[in-house]
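Novice: The structure is given below, and queries will be raised subsequently.
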Amino acid sequence: MNSASAALQPFDIVIIGGAMAGATLALGLAKLNQGRAQPLSIALIEAQQADDSHPGFDARSIAIAHGSIFELNRLGIWPALSHLGTAIQDIHISDRGHFGMTELNAKPLGLSALGQVVELAQVGQVLFEQLKQADITLFCPAKLSQLTSDAHGHYLTLDNGITLSAKLLVAADGANSVVRQQLKQEAEQIDFQQSAVVANVETDKPHQHWAYERFTETGPLALLPMSNQPAVKGQTLRASGHARLSLVWAVSPQQAAQLAQADEADFLQQLQQAFGNRAGRFTQVGKRVTYPLTLTTMARPIFHRCVFVGNAAQTLHPIAGQGFNLGLRDVVGLIQVIETALKQVDDNAQGNLVPFDVGSSEIVHQYLAARQDDRHSTLRNIEFLVRGFSNQHWPLVAGRSLGLRLLSWLPPLKRPVAQIAMGWR
Ligand SMILES: Cc1cc2nc3c(=O)[nH]c(=O)nc-3n(C[C@H](O)[C@H](O)[C@H](O)COP(=O)(O)OP(=O)(O)OC[C@H]3O[C@@H](n4cnc5c(N)ncnc54)[C@H](O)[C@@H]3O)c2cc1C
């Protein structure tokens, strides 16, 4: 890690935010640099150390889709994370109080898993170790506090007084992106009037690698299978044969506040009532955290010499577990655009060293073009799911019940749904 210095430090790429999107991007770019005569200089600025207080690596568990695992493998990141993953082999989807239900299964698709569940606290530790060993200048803990720009680049001042310049600035600084605010860029926000209650729960039967998504009157409830080795101390299982599951339960903000305060027995009873007995009897709940659920999107996640990735570009409702999966596709999209541009420069240079402007308008606009279709269709699908499945209006209820039934009666229809769930494009 760098020590403070008054002189302006020039970089090709400066990434603000070192959580899931920023860290994977920095590592992917460092891999791209390997063996290059003229490597790109990369700096990563992250406000928090990867400890308990890190907002991007908190007690949440997330499902990483099969397609994302493939990409993380290609970036050379997954091998160090794979031991932390719990496979999702089957997904059960149901509509509480209605006849609709269906399953997605890995086996008929010829796969060993539809995705992997990881605890972000554990992932954060591993990614930070990888960042420290990679050819990246890491400023951590340090915050971007001031930003000015001209035709040639951005000029950044950190809260510790360090000043840097960037030909390309990457905002990976989350839903309330400071870069977005400093550059006075707009983001559209839809407030779903829901909050997610997130906790690890224990059931009295093994999960056998099933994940569950249950649509209830108040909002969707998801349970993801977890390993029996907790990332957080004090979450050991009460009995052998029991299982740990990660719960994301979308409810009204008032109900979320009530569930967060409820004593354990009351909480478990309300959960059992909402979810039913399919996963067994709920026997324990860990620390509960609530998140307000909004959809925040930038129509064009670019600016002069600047691109936005991950939650800084769009923050999704966790209904379909697509937030990081989509963010990773931003990361991969940007790496591919830079890789192609570098290859063109190399081909034309014929062995000579030539200047390369990674923040050029061409590169920024190629990133925009590469991401438009996937972003729009994913955002549309998620809004449709949130509105369609949180609604008790009878034609919608009948339509979605029929939709879920059709999926189970007509297995060929499942493939496209499974493909979306697994992050295949
Ligand atoms: C309850 C819940 C369940 C979810 N489940 C899933 C799931 O199953 N599958 C899935 O794919 N996604 C899921 N998601 C979404 C996923 O967690 C996020 O999309 C992903 O973690 C976002 O990563 P990020 O790096 O883009 O942003 P963030 O995690 O918000 O990281 C932003 C980083 O920027 C840093 N930062 C901010 N400002 C500054 C500054 N001024 N200077 C320096 N650093 C700064 C912050 O410290 C932070 O580390 C879920 C989300 C929630 C809330």
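Novice: Of the residues in region 64-121, how many are within 23 Å of G276 (Cβ to Cβ) and either acidic (D, E) or open to solvent by 40 Å² or more (accessible area, probe 1.4 Å) (or both)?
Specialist: Residues in region 64-121 being within 23 Å of G276 (Cβ to Cβ) and either acidic (D, E) or open to solvent by 40 Å² or more (accessible area, probe 1.4 Å) (or both): 9 in total.
Novice: Could we say that R405 is modelled with pLDDT of 55 or more and assigned to a helix (DSSP H, G or I) here? Can you show your working first?
Specialist: Working: modelled with pLDDT of 55 or more: no; assigned to a helix (DSSP H, G or I): yes.
So R405 does not fit the description; no.
Novice: Can you tell me which residues in region 18-55 are within 16 Å of the ligand (Cβ to nearest atom), modelled with pLDDT of 95 or more and open to solvent by 10 Å² or more (accessible area, probe 1.4 Å)?
Specialist: Listed by number, the residues that qualify are A19, M20, A21, L27, E46, A47.
Novice: Another question, if that's okay. Can you find, within region 183-200, the residue that is farthest from the ligand (Cβ to nearest atom) among those that are within 21 Å of the chain's Cα centre (by Cα) and over 30 Å from A274 (Cα atoms)? Talk me through it step by step, then tell me what you get.
Specialist: Keep residues of region 183-200 that are within 21 Å of the chain's Cα centre (by Cα), which gives 187-192, 194-200.
Within this subset, residues satisfying the condition of being over 30 Å from A274 (Cα atoms) are 187-188.
Numbers: A187: 13, E188: 17 Å.
Result: E188.
Novice: Also, quick follow-up: Every residue in region 71-91 that is modelled with pLDDT of 95 or more, of a type in the set (D, E, K, R) and either part of a strand (DSSP E or B) or over 14 Å from the mean Cα position of the chain (by Cα) (or both), please.
Specialist: Correct list: R74 only.
Novice: Moving on. Mind checking which residues of region 264-287 are open to solvent by less than 100 Å² (accessible area, probe 1.4 Å), over 18 Å from T236 (Cβ atoms) and not polar (S, T, N, Q)?
Specialist: The answer is A265, D266, F267, L271, A274, F275, G276, A279.
Novice: Continuing with this model, one more query. Across region 154-182, which residue is farthest from the ligand (Cβ to nearest atom) among those that are surrounded by fewer than 22 Cβ atoms within 10 Å (Cβ to Cβ) and in a strand (DSSP E or B)?
Specialist: The residue in question is K167.
Novice: While we're on this one: Considering only residues that are in a loop (DSSP other than H, G, I, E, B), at pLDDT below 85 and either of a type in the set (S, T, Y) or open to solvent by 10 Å² or more (accessible area, probe 1.4 Å) (or both), which ones fall in region 188-230? Write out each step before concluding.
Specialist: Taking region 188-230 first, the residues in a loop (DSSP other than H, G, I, E, B) are 204-209, 216-219, 226-230.
Those left that are additionally at pLDDT below 85: 216-219, 228-230.
Once the filter is applied, which keeps residues that are in a loop (DSSP other than H, G, I, E, B), at pLDDT below 85 and either of a type in the set (S, T, Y) or open to solvent by 10 Å² or more (accessible area, probe 1.4 Å) (or both), region 188-230 yields T216, E217, T218, N228, Q229, P230.
Novice: Among the listed residues G280, G323, which satisfies the condition of being in contact (Cβ under 8 Å) with a residue 12 or more places away in the chain and under 15 Å from the mean Cα position of the chain (by Cα)?
Specialist: Going through G280, G323 in turn, just one is in contact (Cβ under 8 Å) with a residue 12 or more places away in the chain and under 15 Å from the mean Cα position of the chain (by Cα): G323.
Novice: As an exercise: evaluate G388 against (1) modelled with pLDDT under 95; (2) within 23 Å of A211 (Cβ to Cβ); (3) open to solvent by 50 Å² or more (accessible area, probe 1.4 Å); (4) of a type outside the set (F, W, Y) and give the number of the one condition it does not meet.
Specialist: (3)
Novice: Same structure again: Taking region 361-382, which residues are in contact (Cβ under 8 Å) with a residue 40 or more places away in the chain and over 28 Å from I42 (Cα atoms)?
Specialist: T378, L379, N381, I382
Novice: Taking Q372, is it open to solvent by 20 Å² or more (accessible area, probe 1.4 Å), of a type outside the set (S, T, Y) and within 21 Å of the chain's Cα centre (by Cα)?
Specialist: On the way: open to solvent by 20 Å² or more (accessible area, probe 1.4 Å): yes; of a type outside the set (S, T, Y): yes; within 21 Å of the chain's Cα centre (by Cα): yes.
Answer is yes for this residue.
Novice: Given S68, S112, which one is outside any strand (DSSP E or B), small (G, A, S), away from the ligand (no atom under 14 Å from the Cβ) and in contact with a strand residue (DSSP E or B) (Cβ under 8 Å, 6 or more places away or on another chain)? Full working, then the answer.
Specialist: Working: S68 fails: away from the ligand (no atom under 14 Å from the Cβ).
After ruling out the rest, the residue left standing is S112.
Novice: Is there a residue being away from the ligand (no atom under 16 Å from the Cβ), aromatic (F, W, Y) and in contact with a helix residue (DSSP H, G or I) (Cβ under 8 Å, 6 or more places away or on another chain) anywhere in region 312-330?
Specialist: Among the residues of region 312-330, not one is away from the ligand (no atom under 16 Å from the Cβ), aromatic (F, W, Y) and in contact with a helix residue (DSSP H, G or I) (Cβ under 8 Å, 6 or more places away or on another chain), which makes the answer no.
Novice: Please identify the pairs in which a residue from region 10-39 that is more than 14 Å from Q130 (Cβ to Cβ) has its Cβ atom under 6 Å from the Cβ atom of a residue that is among the acidic types (D, E) and more than 9 Å from the ligand (Cβ to nearest atom), counting only partners at least 6 apart or on another chain.
Specialist: L32/E339
Novice: How many of the residues making up region 334-360 are assigned to a helix (DSSP H, G or I), under 27 Å from the mean Cα position of the chain (by Cα) and touching a residue at least 40 places away in the same chain (Cβ under 8 Å)? Write out each step before concluding.
Specialist: As a first pass, look at region 334-360 and keep what is assigned to a helix (DSSP H, G or I): 334-349.
Subsequent filtering for residues that are under 27 Å from the mean Cα position of the chain (by Cα) retains 334-341.
Checking which are touching a residue at least 40 places away in the same chain (Cβ under 8 Å) leaves us with 334-335, 338-339.
Result for region 334-360: 4.
Novice: Pairs, please: C-beta under 7 Å, at least 6 apart or cross-chain, first residue free of Cβ contacts under 8 Å to residues at least 60 places away in the same chain and in region 155-182, second open to solvent by 10 Å² or more (accessible area, probe 1.4 Å) and more than 8 Å from the ligand (Cβ to nearest atom)?
Specialist: T157/Q146; T157/T163; Q182/L147
Novice: In addition: Those residues that are near the ligand (Cβ under 9 Å from one of its atoms), part of a strand (DSSP E or B) and buried (at least 17 other Cβ atoms within 10 Å of the Cβ), I need them from region 140-153; list them, please.
Specialist: L144
The values are calculated or read from the model by the stated rules, or taken from the named source; none is laboratory data. All of these numbers come straight from a predicted model, not from anything done at the bench. All Cβ positions, even for glycine, are placed from backbone atoms using ideal geometry, and neighbour counts span all protein chains on display. We work out accessible area using only protein heavy atoms, side chains counted, and drop any ligands, DNA or RNA first. Shrake-Rupley method; radii C 1.70, N 1.55, O 1.52, S 1.80 Å.
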